[in-house]
Ligand code: FES
Ligand code: FES
């Protein structure tokens, strides 16, 4: 029996009709045509599908679309400023060459942004631990760790600047 | 001062913006009007005869459009998936090349083999309907282990009753035997190069489209080489004229070799699109990738090294059984031969080498090139046996390598296994890596580890690889059924921006940046006015794609040739505009000047004149500024280097932790150091993955893949691997004008050997097979405990 849900996606309201077993990732990719969120596995292991649900990172391949009913979803498409300016974490990935093929990247970036909420002063070791659920086959993680370190720093500086305004 | 643009600058990547903002366009992201979905029914058996397939219930299910079987394909004359390289056995007979139909027609030969395809309006409908398919199998005994195929009592293919595909030899046997007869010491080693699953993060996908009005086909596919796929699709499997077929490989999420091959699913979606006259999409689920992407490695090897009293290498013998899996994948036959035995000299002066390679069929997923392809296998056995030899002879491992290195003054150097190394300074790489890791400080670090109850070890790998297989006539003589040149077209637009169409493909390597850096420097055009176009057979000239670290050494050189043609024509146009003779025009980036004067014109103005030829020597020159070139390399290139790794083993748990890692590489000229370092990091982690974590395991009896998901197949994760110290030593390649050697595979070539050498050092043993997982390490320690106690 299809169900109707309403949610906010990247700041905009969306009304969808989904099956009770429709995965959030399918709702995002297929119903909303937001294809930046990727699917890299079928066992909830790779993190290519990470999005934020009410500001908290979740694997959208293991979340039902109906669980997002009435809530806020942020995908990689919603991270940059409306004028296209990259979010500090996105900018840090570019600066430190934290991506190669780009397939794991949206999930990596969304996970990394959530780390700022949980542990804004994470050490490289803590960053590696936090990213355990995100597999990257290309980069060897070295530059991802550098990028996240610098992205966390930039987010703090940005937040401080905002607070001062 | 480091440059901020052009060749040698760490320019930030131009492709990053789309990937970082979720605007990458991967195959599965595309939705075509009227698109339907293919679900592939795969064999649950390793080996079985298909007795019957009853499709009635499936066809009647909601949303189902059709069900396709091997019989349909046979009836429509769909051809076998071809193998691109012919190897001959030692008796002169050609390799056994059994048919490989995109959907099995008589027998299934591995778990995951395609049996039927259900196509429906939605993927869920196709999956549900597939459950209703009634397939009657007669199960047959399976051949799983490559070591026992001849006595398995069952044949994967009737054409190869003993399951041997070929039995190939390389090198000088008599000379090698003579070397062994004189040896003061012979070290022997048996080792397994484990089977791996490449696991690019983007699962394979394909969309087939057919336009009945124009009788035209489009295949969008996750490929490293769309032009090659079009050739194979047209010439072999579908039998179509190439001018009616467009193959597009858009953004591709990693390849590592696994996306080189012409896969069954590409044929299936094109064939189905024609039958249904609708776009047909297929995307692999990860568990399906495990059962249908070509795997890598899987060698059993016996190696012997003969030495004189000082440890100088006199000769090497190698006997390898290489598992091909159930069918010959596109390049499978050349991996354990031409890309393996030719590298057995490594960085050493070993004067006599002989190799015997037996390739066998088993009821497992086909095996083909995986990052490094044959060269990591060669490096692993060489660098392992050098370590074992050093241990037996009581010589320091760095010193034994030093004694045997080919010195720079012997370049160009002809190896006894058929290659000519053009350049390299192997000893310098080793010394620099020793300095980077602080080799002299190792004993103190080892002692410190011991105080914490940990066992510390250090290991090296001094690797060399051969990239950009070449030249085409030599490759042809060695069995290649295709040429191995590449192509590029440099097209100026009237207002001075440039499109460069290349035959190579980028799936993470950053060509859109590095290739543009070269164009920018050579033609004086700012980066933002340059676009590198790849991955679409309708846009680019015919090229062979990206694998074997060939993009820059072959594709980049084709682009250089095209640039040279642009410069030559631009000089003529400049001469006309400046009323001088073409011989007097000097070019400096984008400025064309009459020598010795201040009269000049820039390339944008030249392009404008070429496309708006109002004032133009039309009787001498054609309008336009658009040049194409094909380039066939003179020789392979030979990236080389030394990697050093330090591990700490916890004897209580068997856990191996990599604590330091240094790599010094000679890639020839480096275009973008930032990108090169990234390639090294990524390659190293794939090597580390093999050494410590990854292993594709089949059940010996049932032929089921036991490690068929990320739950059971251990992929390296961020907290499994260390930071890296990397450095490059540029020794320019002498056989191409750019001086480049290639960097895509280097990390993986030496990585596994380097880590295993460190693990064996830490455990104080001669050898253990990969992966050095906690359980296996713990067992090794337990088994050696009585000896330790006796110390
Ligand atoms: S797709 Fe969600 S974890 Fe892999
Ligand atoms: S950049 Fe390719 S998987 Fe991470």
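The values are calculated or read from the model by the stated rules, or taken from the named source; none is laboratory data. Since this is a predicted model, take the numbers as computed values, not measurements. Positions of Cβ are generated from backbone atoms using ideal geometry, with glycine treated the same way; all protein chains shown enter the neighbour counts.
When region A:69-91 is filtered for residues that are surrounded by 24 or more Cβ atoms within 10 Å (Cβ to Cβ) and either within 16 Å of ligand 1 (Cβ to nearest atom) or over 26 Å from residue A:31 (Cα atoms) (or both), the ones remaining, listed by number, are A:73, A:75, A:76, A:89. Scanning region B:687-702 for residues that are within 13 Å of another protein chain (Cβ to nearest Cβ) and modelled with pLDDT under 95 yields nothing.
Please indicate, with yes or no, whether at least one residue in region A:53-61 is within 18 Å of residue A:137 (Cα to Cα) and either more than 16 Å from ligand 2 (Cβ to nearest atom) or buried (at least 24 other Cβ atoms within 10 Å of the Cβ) (or both).
Applying the first criterion (within 18 Å of residue A:137 (Cα to Cα)) to region A:53-61 yields none.
Within region A:53-61, none of the residues are within 18 Å of residue A:137 (Cα to Cα) and either more than 16 Å from ligand 2 (Cβ to nearest atom) or buried (at least 24 other Cβ atoms within 10 Å of the Cβ) (or both).
Here B:684, B:705, B:732 are screened, and the one residue that is on the phi < 0 side of the Ramachandran plot and either without any contact (Cβ under 8 Å) to a residue 24 or more places away in the chain or at the interface with another protein chain (Cβ under 10 Å from one of its Cβ atoms) (or both) is B:684.
Within region A:1-24, can one find any residue that is at the interface with chain B (Cβ under 10 Å from one of its Cβ atoms), within 16 Å of ligand 1 (Cβ to nearest atom) and either in a helix (DSSP H, G or I) or in contact with a helix residue (DSSP H, G or I) (Cβ under 6 Å, 6 or more places away or on another chain) (or both)? There is at least one residue in region A:1-24 that is at the interface with chain B (Cβ under 10 Å from one of its Cβ atoms), within 16 Å of ligand 1 (Cβ to nearest atom) and either in a helix (DSSP H, G or I) or in contact with a helix residue (DSSP H, G or I) (Cβ under 6 Å, 6 or more places away or on another chain) (or both). Pick from region B:699-716 the residues that are in a loop (DSSP other than H, G, I, E, B) and more than 16 Å from ligand 1 (Cβ to nearest atom): which of them is surrounded by the most Cβ atoms within 10 Å (Cβ to Cβ)? Taking the candidates together, the pick is B:703. Among the residues in region A:1-23, are any surrounded by 22 or more Cβ atoms within 10 Å (Cβ to Cβ) and free of Cβ contacts under 8 Å to residues at least 60 places away in the same chain? No; the residues of region A:1-23 include none that is surrounded by 22 or more Cβ atoms within 10 Å (Cβ to Cβ) and free of Cβ contacts under 8 Å to residues at least 60 places away in the same chain.
Select from region A:37-52 the residues that are within 14 Å of ligand 2 (Cβ to nearest atom) and surrounded by 24 or more Cβ atoms within 10 Å (Cβ to Cβ) and list them in ascending order.
A:38, A:40, A:41, A:46, A:47, A:48, A:49, A:50
Just to verify a result, which residue in region B:16-48, among those that are within 16 Å of ligand 2 (Cβ to nearest atom) and over 20 Å from residue B:221 (Cβ atoms), is nearest to the other protein chains (Cβ to nearest Cβ)? The extreme case among them is B:22. Taking the conditions (1) over 15 Å from the mean Cα position of the chain (by Cα); (2) buried (at least 24 other Cβ atoms within 10 Å of the Cβ) in turn, residue B:200 satisfies each one other than (1). The residues of region B:369-414 that are part of a loop (DSSP other than H, G, I, E, B) and surrounded by fewer than 23 Cβ atoms within 10 Å (Cβ to Cβ), listed by number, are B:394, B:395, B:396, B:406, B:407, B:411, B:412.
What number of residues in region B:342-363 are over 27 Å from residue B:153 (Cβ atoms) and surrounded by 24 or more Cβ atoms within 10 Å (Cβ to Cβ)? If you could, list the steps in order and put the result at the bottom.
First pass over region B:342-363, keeping only residues over 27 Å from residue B:153 (Cβ atoms): B:342-355.
With surrounded by 24 or more Cβ atoms within 10 Å (Cβ to Cβ) added as a condition, the list becomes B:343-348, B:350, B:353-355.
Going through region B:342-363 one residue at a time, the tally reaches 10.
Only residues that are in contact with a helix residue (DSSP H, G or I) (Cβ under 9 Å, 6 or more places away or on another chain) and farther than 23 Å from residue B:201 by Cα were counted across region B:709-734, and they come to 7.
Would a scan of region B:488-507 turn up a residue that is more than 27 Å from residue B:234 (Cβ to Cβ), within 16 Å of ligand 2 (Cβ to nearest atom) and touching a residue at least 12 places away in the same chain (Cβ under 8 Å)? Among the residues of region B:488-507, not one is more than 27 Å from residue B:234 (Cβ to Cβ), within 16 Å of ligand 2 (Cβ to nearest atom) and touching a residue at least 12 places away in the same chain (Cβ under 8 Å), which makes the answer no. Remark: residue B:479 matches the filter, which requires a residue to be outside the structural domain of residue B:88 (by TED's automatic domain parsing), in contact with a strand residue (DSSP E or B) (Cβ under 9 Å, 6 or more places away or on another chain) and closer than 30 Å to residue B:424 by Cα. Restricting the first member to region B:717-729 and to residues that are more than 9 Å from chain A (Cβ to nearest Cβ), and the second to residues that are part of a loop (DSSP other than H, G, I, E, B), the beta-carbon pairs closer than 8 Å and six or more apart or on different chains are B:728/B:667; B:728/B:670; B:729/B:425.
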